[in-house]
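Here the structure is laid out as structure tokens; the discussion comes afterwards.
The values are calculated or read from the model by the stated rules, or taken from the named source; none is laboratory data. The shown structure was predicted, so the numbers you read here are calculated from the model rather than taken from an experiment. In this analysis, Cβ positions are derived from the backbone assuming ideal geometry, glycine residues included, and neighbour counts consider all displayed protein chains. Just the protein is used for accessible areas: all its heavy atoms, side chains included, with ligands, DNA and RNA removed. Shrake-Rupley method; radii C 1.70, N 1.55, O 1.52, S 1.80 Å.
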Amino acid sequence: MQRLLVTGGAGFIGANFVHHVVKHTDMTVTVLDKLTYAASREALDGLPADRVSLVVGDVADPTAVEPLVAAHDAVVHLAAESHNDNALSDPSPFIRTNVLGTFTLLEAARKHDVRFHHVSTDEVYGDLELDDPAKFTPSTPYDPSSPYAASKAGSDHLVRAWVRSFGVRATISNCSNNYGPWQHVEKFIPRQITNLLSGGRVKLYGDGLNVRDWIHTEDHSSAVLAILERGTIGETYLIGADGERSNLEVVRMLLRLLGHAEDDVVDHVTDRAGHDLRYAIDASRLRDELGWRPQYADFEAGLAATVDWYREHEFWWRPKKEATEAAYAARGQ
Ligand code: NAD
Ligand code: DAU
């Protein structure tokens, strides 16, 4: 596997993954990215030009996709519309990119017999009760709640069907909530950090008791690389690092890290429609079969490093902040 095609490689997780691949393998990487509002060319700065190139294109466009897939040994597919709140305002780009885009890539992988890894989300499993000891496993039934989750569930089903019906050499990973550098300011952790750095207020949906299972994006990258290199074709791997925290707990950590007295700057705003209560991942297949271990076990230390990163990269997030907050304000959030 020398030539890797990474779709969505200019996005948050994709760009971190490209850096990880360049650092830990000798593969060459082509990024295929439409450069939507969520992309950051800057996130690919500094990578060696003889190892990494960027092609601007749409994963739902077969004329862009097919020759590129044919010219690579493997595809890691991350390109997606990724933000739940946007999907509630307008689901259509989610269906086009996440469903039609995955279909388009799968057809090219089938035609040219190219190894395919599909990056997906734990949201395909719906949610868990707050007091339920259970976690998601690879046999948890699909039960997506939101338009974004349904579009990702649809894409997972396509991958499974292309493996079984056409013998496409594919694997799937379903990961929990990522945090780390280059995450768009629309997402929960960067939004609150940049609100506080701007002298603004934290915006918590509802009571703030919803739970997410946080994983550093670097640990997501190492897991995806392990699956790409050693995973069993046709298998689904859940990726998580035992990082369950309520949104309120995360906010309290951020307030401590940024030197605010508790709760003096917190607004409880309109809750998200259909808001999933809790996600939790059982990653034992990944640990037991592939020997994967997360490196960022200390969530608060990872969060502190992320706060520092946003302090140092205001030039990057500041231009995105005003429009993002205007869209939230229009929704009462
Ligand atoms: P992101 O929104 O930060 O980045 C998405 C990237 O895809 C952007 O660079 C964008 O320009 C590109 N893109 C969008 N539509 C495209 C199209 N039609 N053609 C080509 N490129 C297109 O997303 P992210 O948070 O980095 O998520 C990456 C992947 O990981 C997604 O598939 C997402 O479902 C999955 N995932 C994300 C998380 C998370 O916590 N963020 C967790 C689990 C899984
Ligand atoms: O679980 C994996 C998923 O995690 C990925 O598939 C998605 O692409 C990714 O965006 C993320 O989805 P969430 O909807 O969980 O992430 P988000 O950052 O939007 O919200 C995290 C939690 O914080 C959620 O309970 C909603 C809440 N929230 C969010 C925002 C933006 C707030 O309380 N206030 C906010 O301002």
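Please compute P(r) over all alpha-carbon pairs of region 230-333, binned at 5 Å starting from zero, and give each bin as a whole-number percent.
Binned Cα distances yield the sequence 2, 9, 12, 14, 18, 18, 12, 8, 5, 1, 0.
For the chain, modelled as a GNM with alpha-carbon contacts under 10 angstrom, which of Asn86, Asn16, Asn174 fluctuates the most?
Sorting by GNM fluctuation, first place goes to Asn86.
So what is log10(I(q)/I(0)) for region 1-145 at q = 0.13, 0.21 1/Å, when the Debye sum runs over its Cα atoms only?
At q = 0.13, 0.21 Å⁻¹ the computed log10 ratios are -0.62, -1.28.
Mind checking which of Ser53, Pro190, Ala15 is farthest towards the positive end of the chain's charge dipole, using Cβ charges of +1 (Lys, Arg) and -1 (Asp, Glu) about the Cα centre?
Final value for the positive-end residue is Ser53.
Considering only DSSP beta bridges where both residues belong to the chain, give the percentage that are antiparallel (nearest 5).
Values: 4 of 40 bridges.
Counting DSSP beta bridges with both partners in the chain, the antiparallel share is about 10 percent.
Rule-of-thumb check for the chain: C-alpha Rg over 2.2 N^0.38 Å?
Values: Rg = 19.0 Å, N = 333, 2.2 N^0.38 = 20.0 Å.
Cα-based Rg divided by the globular estimate yields 0.95.
Taking the radius of gyration and the Kirkwood hydrodynamic radius from Cα positions alone, what is the Rg/Rh ratio for region 189-251, to two decimal places? Show your work: numbers first, answer last.
Details: Rg = 16.1 Å, Rh = 14.1 Å.
Result for region 189-251 is an Rg/Rh of 1.14.
Which of Ala108, Ala71, Ala60 moves the most in a Gaussian network model of the chain with Cα springs under 10 Å?
Ala71
Rounded to whole Å, give me the distance from the Cα center of region 302-317 to that of region 1-61.
21 Å
Over all Cα pairs of region 118-212, how is the pair count split among 10 Å bins, expressed in % and running from 0 up to the last occupied bin?
Over region 118-212, the share of Cα pairs per 10 Å bin runs 13, 35, 31, 16, 4, 1 percent.
Cα convex hull of region 95-158: how many Å³ per residue? Please report the intermediate quantities before stating the final value.
Working: hull volume 5.2 nm³, N = 64.
In region 95-158, the Cα hull volume divided by residue count equals 81 Å³.
Please identify, among Asp271, Asp143, Asp132, the residue showing maximal mean-square fluctuation in a Gaussian network model of the chain using a 10 angstrom Cα cutoff.
Sorting by GNM fluctuation, first place goes to Asp132.
Whole angstrom only: what separates the Cα centroid of region 118-140 from the Cα centroid of region 192-270?
With region 118-140 and region 192-270 each reduced to a Cα centre, they are spaced 16 Å.
Would you check the accessible area of Val124, probe 1.4 Å, heavy atoms only, in square angstrom rounded to 10?
Using a 1.4 Å probe on the heavy atoms, I get roughly 0 Å².
If you add up the charges near Asp131, with Lys and Arg at +1 and Asp and Glu at -1, over every other residue whose beta carbon is less than 14 angstrom from its beta carbon, what do you get? Mind dumping the intermediate values first?
Values: positive: Lys135, Arg278; negative: Asp127, Glu129, Asp132, Glu244.
Residues close to Asp131 contribute a combined charge of -2.
Heavy atoms of the protein only, probe of 1.4 Å, neighbouring chains included. What is the accessible area of Arg230 in Å², nearest 10?
We get 130 Å² for Arg230.
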